[in-house]
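Note sheet for the following structure.
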Amino acid sequence: MPEVQDIAKPHGPITLKNGWTVEVDKNICIGAGPCVGVAPKTFELDDEAKAVILSSCNEDDADTILNAARSCPVSAITIKNDKGEVVFPN
Ligand code: SF4
């Protein structure tokens, strides 16, 4: 099973190899889970049913992670580019 990226900040922000940062707002996340289905190497639900970011996230390509963010019904996943500009939600 993939490992959670950093136990100190399992919800991010985490910087991907393309320079994007990914963060889950656990206060918004409702554990609906489509992000896990779209990008299973990036997201997993913890035991509180909140999405956490996995250390294997760079095995999913950037579009897959973006699509996972788009799949979230409550827009709990924020992606920023290497300039700190918000890529999603937009
Ligand atoms: S899709 Fe959104 S609400 Fe559902 S688990 Fe992922 S981040 Fe949470």
Report task. Scan (1) surrounded by 15 or more Cβ atoms within 10 Å (Cβ to Cβ); (2) in contact with a helix residue (DSSP H, G or I) (Cβ under 6 Å, 6 or more places away or on another chain); (3) not hydroxyl-bearing (Ser, Thr, Tyr) for the single condition LYS17 breaks and write down its number. Result -> (1)
Query raised in the report: So which pairs qualify, if the first residue must be in region 20-34 and small (Gly, Ala, Ser), the second must be open to solvent by 80 Å² or more (accessible area, probe 1.4 Å), the Cβ gap must be under 6 Å, and the two must be at least 6 apart or on different chains?
Result: ALA32/PRO73
Query - Among the candidates GLU3, GLU44, residue that is at negative phi and in contact with a Leu (Cβ under 6 Å, 6 or more places away or on another chain) - result: GLU44
Report task. Determine, yes or no, whether VAL52 is part of a helix (DSSP H, G or I), of a type in the set (A, V, I, L, M) and over 19 Å from ASN90 (Cβ atoms). Result -> no
Report task. Would you please name the residue that is most open to solvent (accessible area, probe 1.4 Å), looking only at residues in region 57-77 that are near the ligand (Cβ under 10 Å from one of its atoms) and not in a loop (DSSP other than H, G, I, E, B)? Result -> ARG70
Report summary line: Among VAL38, VAL52, VAL22, the single one that is more than 7 Å from the ligand (Cβ to nearest atom) and under 21 Å from GLU85 (Cα atoms) is VAL22
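The values are calculated or read from the model by the stated rules, or taken from the named source; none is laboratory data. From a predicted model like this one, the values you see are computed outputs, not experimental measurements. A quick note on method: Cβ atoms are made from the backbone with ideal geometry, for glycine too, and the neighbour counts reach across all protein chains shown. Remember, those area values only see protein heavy atoms, side chains included, never the ligands or the DNA or RNA. Shrake-Rupley method; radii C 1.70, N 1.55, O 1.52, S 1.80 Å.
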